[in-house]
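The structure under discussion appears below in the form of structure tokens.
The values are calculated or read from the model by the stated rules, or taken from the named source; none is laboratory data. No experiment lies behind these values; they were computed from the predicted model shown. Cβ placement follows ideal geometry from the backbone for every residue including glycine, while neighbour counts extend to all protein chains displayed.
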């Protein structure tokens, strides 16, 4: 203790050894202030925060330079959620004792988390706004504001009490009981809290709606069992304060985490997943559409090929059928000619039958060889016979008959120049010995095919081919 | 039964951070030592100019 006048350290004497001033009353004042501090400390240790605050306020009111009492008062305010008031007490303390003051640690600890500091400093504003709402009769707005505030700062005693009172006013006794019970664990002997709880007790007693016996007493018992006592060196500033059942709190936290996770999944992950699935689905559809289009083209191409092949098959079938039929006919005709020749028929009749055979319709070598043999046997003789008859008819002036037989002779043997020449002469004779188209054709044939023959020159002159 | 309106009026606004500085630097609350000093000053004005005389006065 130092002298209030000169600052010298005081002894046990009633006067200052430095300046001689009487310090008896001064010492008594400081002693009373310290006594209050000790009482306040005991109350704070027992977590009777409101009682401690009341006593400590008296201590600093008696002796305003009692730094220890002021620091503890700040701590008590801090624990009750009155952060600005705590800062005020610590600020005054710092002004009184700038050096070696524990509040330096308190303030630096708080200032190390600027976000939390900002929240704490805004608590008073929010509380004042809620109080303004409540006093204006806007209880709903006040409750909303206070719920948010108490949710963030569960140890804000005054805010919780006001919220409890508003719940009581609204007739929500269960909620009021819950919030007041909770805040009673922070400030175990708050008379205002007990007053409101007694009101709830009275309500339950009247309505018999719930068994509430010895409510206030139960809280008193609870305070002795649940709360840890504070020591003089305890620092309450950091967020070491825990309340409630850790198991139930843990379960609640897990549930909240699950709900937040579900909401995030619903609003963030699910739309992205849906979009991805949708895109995948669209891609699949496009892929299958492309495949279907390609398949359609292939089918169309194959169908066209099938139609073409079917047409070709039909054509070939018709050709084969027709060829087969013709071949059969040609075989029949050749066999008829051979049969007539073997049977001794007239050579001209056999020749007629052989001329009718179409050798182009048959590719069989045996058939062709047979036809060749028979034609060699028949056509030479038939050509000679027809030539003789044709010359005879020509000499007789029957040119039409001459043309008939000479033409047959030409058909059976086209390599005889005489047959061709006299065929041309017969056509000219039939035309009154004037050349016509047919006569000129055969004269020309003589000139072209047999240029070295004697008849070639005559053909030129008679046919007037010059 | 609580009169809720009256009860609500008993709640007072908390000091806000903007007011804290003024409160800290204008903390002119009078305590018992101030009263004591005032008493001593009054005693000095009435002829007892030496604090020691106060001691003598009080011890007598």
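Criterion first (surrounded by 12 or more Cβ atoms within 10 Å (Cβ to Cβ) and either closer than 27 Å to residue A:426 by Cβ or modelled with pLDDT of 85 or more (or both)) does residue A:336 satisfy it?
Yes; evaluated as a whole, the condition is true for this residue.
Within the range B:8-15, can one find any residue that is facing chain A (nearest Cβ under 7 Å), part of a loop (DSSP other than H, G, I, E, B) and at pLDDT below 85?
No, that holds for no residue.
Mind listing just one residue for me: the one in the range A:439-466 that is assigned to a loop (DSSP other than H, G, I, E, B) and touching a residue at least 24 places away in the same chain (Cβ under 8 Å) and, of those, surrounded by the fewest Cβ atoms within 10 Å (Cβ to Cβ)?
Looking at residues that are assigned to a loop (DSSP other than H, G, I, E, B) and touching a residue at least 24 places away in the same chain (Cβ under 8 Å), I get A:464.
Can you find, within the range B:16-42, the residue that is farthest from the chain's Cα centre (by Cα) among those that are outside any helix (DSSP H, G or I) and at the interface with chain A (Cβ under 9 Å from one of its Cβ atoms)?
B:16
Are there any pairs with C-beta distances below 7 angstrom linking a residue in the range A:93-111 that is within 14 Å of another protein chain (Cβ to nearest Cβ) to a residue that is at pLDDT below 90, with the two at least 6 apart or on different chains, and if so which?
A:95/B:24; A:96/A:65; A:110/A:117; A:110/A:237; A:111/A:117
Say we look at the range A:1-14 and pick out the residues that are within 9 Å of chain B (Cβ to nearest Cβ) and closer than 15 Å to residue B:37 by Cα; which of these is surrounded by the fewest Cβ atoms within 10 Å (Cβ to Cβ)?
A:5
Those residues that are surrounded by fewer than 17 Cβ atoms within 10 Å (Cβ to Cβ), more than 48 Å from the chain's Cα centre (by Cα) and part of a helix (DSSP H, G or I), I need them from the range A:140-177; list them, please.
Answer for the range A:140-177, where residues must be surrounded by fewer than 17 Cβ atoms within 10 Å (Cβ to Cβ), more than 48 Å from the chain's Cα centre (by Cα) and part of a helix (DSSP H, G or I): just A:174.
Identify, from the list A:243, A:287, the residue that is modelled with pLDDT under 90 and within 30 Å of the chain's Cα centre (by Cα).
Testing whether each residue is modelled with pLDDT under 90 and within 30 Å of the chain's Cα centre (by Cα) leaves just A:287.
Do any helices (runs of 4 or more DSSP H) entirely within the range A:363-431 hold 3 or more residues that are at pLDDT below 90 and over 60 Å from the mean Cα position of the chain (by Cα), and if so, which?
Correct list: A:365-395.
Name the single residue, out of those in the range A:178-205 being outside any helix (DSSP H, G or I) and in contact (Cβ under 8 Å) with a residue 60 or more places away in the chain, that is nearest to the other protein chains (Cβ to nearest Cβ).
This residue is A:190.
Please enumerate the residues belonging to the range A:244-266 that are more than 27 Å from residue A:183 (Cα to Cα) and surrounded by fewer than 10 Cβ atoms within 10 Å (Cβ to Cβ).
Once the filter is applied, which keeps residues that are more than 27 Å from residue A:183 (Cα to Cα) and surrounded by fewer than 10 Cβ atoms within 10 Å (Cβ to Cβ), the range A:244-266 yields nothing.
Just checking, which of A:66, A:71 is more than 60 Å from the chain's Cα centre (by Cα), at the interface with chain B (Cβ under 10 Å from one of its Cβ atoms) and closer than 19 Å to residue B:29 by Cα?
Within the list A:66, A:71, the selection yields A:66.
Has the range A:120-131 got at least one residue that is more than 53 Å from the chain's Cα centre (by Cα), facing chain B (nearest Cβ under 10 Å) and closer than 27 Å to residue B:29 by Cβ?
Looking for residues that are more than 53 Å from the chain's Cα centre (by Cα), facing chain B (nearest Cβ under 10 Å) and closer than 27 Å to residue B:29 by Cβ, one finds none in the range A:120-131, hence no.
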